Amino acid sequence: MINYKAPGKVLIAGEWNILEKGHHCIVASIDRFVEARVYDSKKYKIIIPEKSIEVEFEFYSEDNIILTT
């Protein structure tokens, strides 16, 4: 199992500027986090307990295009 925790961020100004090379924006981290746990499994599942969300899905390839079910 792999655990990862990353802080949230807020884009204060210039959020669309960064879509073009050489432009800037102002970003600050906030005291909110996202946590991820990755387990070895044959199925993919996303669980968000705070929102009562649980979704299972799988990937497959058709004509070199990755699709989900």
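The table that follows gives values for the structure above.
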{"item": "Failed item, numbered, when S61 is tested on (1) over 18 Å from the mean Cα position of the chain (by Cα); (2) modelled with pLDDT of 85 or more", "result": "(2)"}
{"item": "Candidate set: the range 1-30, residues that are within 30 Å of S41 (Cβ to Cβ) and open to solvent by 70 Å² or more (accessible area, probe 1.4 Å); chosen: the one modelled with the lowest pLDDT", "result": "M1"}
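The values are calculated or read from the model by the stated rules, or taken from the named source; none is laboratory data. The structure displayed is predicted, hence computed values, not measured ones. For neighbour counting, all protein chains shown are included, and Cβ atoms are generated from backbone atoms with ideal geometry for every residue, glycine included. Note: areas computed on protein heavy atoms with side chains; ligands, DNA, RNA excluded. Shrake-Rupley method; radii C 1.70, N 1.55, O 1.52, S 1.80 Å.
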